[in-house]
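Reading through the structure tokens given below for one structure.
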Amino acid sequence: MSNRPVLRSAACALLIGFSFTAGAQQSMSRGEPHMVANASDSMFMTHAAADGMAEIQMGQMALQKSSDPKVKELAQRIVDDHTAANAKLQTLAQQKQVTLPAAPMKDAQDKAATINSMDGTKFDQAWAAAMVADHRKAVKLFSNESSHTQDADVRNFAQATLPTLKIHLEAAQQLQGQTK
């Protein structure tokens, strides 16, 4: 009996294996979807999206409620920057097959409701204090992700967004000092 059918089968299996490997490498190099390597990156994207939506919500609230032009100026910058960052994050999450939340976390919604119940200077002071606290948390989250993730795409997003978050924090701290 001849070994040719067995050799042909083995050769075909080898070629198929090489084809799958080459196809996977090509799809990754073309930027086609692939999974996030670890759960902490997925958790980062989830928190970043929820926090970004909370910042947009808070910014929109300040645009409606505040009469202070400095509050309104920072609020508009926050809305614009977080809207842009969330759009980039949504694209990244789709590439990584991560489902992002549709709304801010409950604690952020509760904080927004409390601040929204205030008026005048009390509103401006509470809003500025919330922006300082929220952006301190965001800077810490994005700094940590920038230095600990192994995923280059996630790291690039975190590193590209971090300077804007630091600018927001500085502006909120200045505003907080002026609204006392």
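Derivation of every value follows stated rules applied to the coordinates shown; laboratory data play no part. Worth saying up front: this structure is predicted, and the values here are computed from it rather than measured.
So between T121 and L63, what do we pick up on full extension, going 0.36 nm a residue minus the alpha carbon distance?
Result: 19.5 nm gained on full extension.
May I ask you to compute the full-extension gain from K88 to R136, defined as 0.36 nm times their residue separation minus their alpha-carbon distance, rounded to one decimal in nm? Numbers along the way, then the final one.
Numbers: separation 48, 0.36 × 48 = 17.28 nm, distance 2.12 nm.
Full-extension gain reported as 15.2 nm.
What length, rounded to one decimal in nm, is gained on full extension from Q95 through to K166, with 0.36 nm per residue of separation minus their alpha-carbon distance?
Roughly 22.9 nm would be gained on extension.
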